[in-house]
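K.L.:
Following this message is one structure expressed as structure tokens.
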Amino acid sequence: MVAWCLVVIWMATIFTASTDLGSPQRTSRIIGPILRWLNPEVQQVTIDRIQLGVRKTGHAAGYAILAALLWNALSQGSSGWKPVTARKAVLITTAYAMTDEIHQGFVPGRGASVWDVCLDVGGGILGVYLLWVVGRRYKKW
């Protein structure tokens, strides 16, 4: 039950980030001043590139966490690594990424992107892969 609550909480977090709160205009209010504080002579083009990198890394990381949480929730009551569970986690992550991008298409200042879905799915695959690597390392499966 707790595992599924964590999945729902994380999905709500992603949904919130897909609103105007996570728009480029809002995140630039954070990243730009930090970069200017670190280097007052930083160029705007550099800020824009770093902001894009941070935003896209956030996409991948957010969906890596979602896939890992889904894998954990789907694995409740079973032991060891099961590829079918990993595939289910990635499939659900993919479906959520698609609905998230559709949602962003209706939010002013945001846009839907097939490339972001690909990035999200890649993050989900990475999240499940990292679980597998850590599990093998610590001989959990």
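Coordinate-derived values only; no laboratory data. Here the structure is a predicted model, which is why all the values come from computation and not from measurement. Glycine also receives a Cβ, built like all others from the backbone with ideal geometry; neighbour counts cover every protein chain displayed.
K.L.:
Restricting everything to alpha-carbon atoms, can you work out Rg to Rh for the chain with a Kirkwood hydrodynamic radius? Before the final figure, lay out the partial values.
P.N.:
Details: Rg = 17.2 Å, Rh = 16.3 Å.
Rounded to two decimals, Rg/Rh equals 1.06.
K.L.:
Right, next: At R0 = 41 Å, how high is the FRET efficiency between ASP48 and VAL84 if r is their beta carbon distance? Nearest 0.05 is fine.
P.N.:
Values: r = 42 Å, r/R0 = 1.03.
So the FRET efficiency works out to roughly 0.45.
K.L.:
Another question about this same structure. So which helices of the chain fit the span-like rule, where a helix is a whole DSSP H run, its Cα atoms reach 30 Å or more along the axis, and its mean Kyte-Doolittle is at least 0.0? Could the numbers behind the result be given before it?
P.N.:
Details: long enough: 44-74 (44 Å, 0.54); 83-105 (33 Å, 0.09); 114-137 (34 Å, 1.10).
Correct list, ordered by number: 44-74, 83-105, 114-137.
K.L.:
Now a separate question. So how long is each side of the range 76-140 along the principal axes, counting just the alpha-carbon atoms, biggest first, in Å?
P.N.:
48, 21, 13
K.L.:
Be a star and scan the range 49-86 for residues whose amide nitrogen sits under 13 Å from the point 7 Å along the Cα-to-Cβ vector of TRP4.
P.N.:
Only 73-77 fall inside the zone, counting backbone N under 13 Å.
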